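The next block holds one structure in the form of structure tokens; read it before the comments.
The values are calculated or read from the model by the stated rules, or taken from the named source; none is laboratory data. Keep in mind it's a predicted model, so treat the numbers as computed, not measured. Reconstructed Cβ throughout: ideal geometry from the backbone, glycine too, with neighbour counts over all protein chains shown.
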Amino acid sequence: MDERKEPRRFTATQRFPRLAPFWRAVVEVGFIIFLFYSNLLMGQYTISAPGQDKGLLWAIQNIITFENFAIALVTAIIAHVVFEFFRKRL
């Protein structure tokens, strides 16, 4: 008598449980800040920007400032609020 167990089958919600609202907000805001800084870094390497001549370390030092972080954080929080509004609305 060979009793083989059936493999467990998971639904999508069991495989990927939903994040708590706080952690979802942290992830979304963090991702938006990442996109903001990556966009600033790419801007340092356009045709007329000095990042090509001065190098990557200079470009990173040039974009990581308190002012840029404040702008990134405020806009990321605003974007999160807008996304939540549309999530609940649709």
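Annotations
Quick grid of which residues meet (1) at pLDDT below 95; (2) surrounded by 12 or more Cβ atoms within 10 Å (Cβ to Cβ); (3) of a type in the set (A, V, I, L, M, F, W, C):
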{"position": "G30", "(1), (2), (3)": "no, no, no"}
{"position": "L41", "(1), (2), (3)": "yes, yes, yes"}
{"position": "W58", "(1), (2), (3)": "yes, yes, yes"}
{"position": "F66", "(1), (2), (3)": "no, no, yes"}
{"position": "A70", "(1), (2), (3)": "no, no, yes"}
{"position": "A76", "(1), (2), (3)": "no, yes, yes"}
{"position": "L90", "(1), (2), (3)": "yes, no, yes"}
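- Pair list, Cβ under 8 Å, 6 or more apart: the stretch 37-52 residue on the phi < 0 side of the Ramachandran plot, other residue surrounded by fewer than 14 Cβ atoms within 10 Å (Cβ to Cβ) and part of a loop (DSSP other than H, G, I, E, B): Y37/I64; Q44/P50; G51/Y45; Q52/Y45
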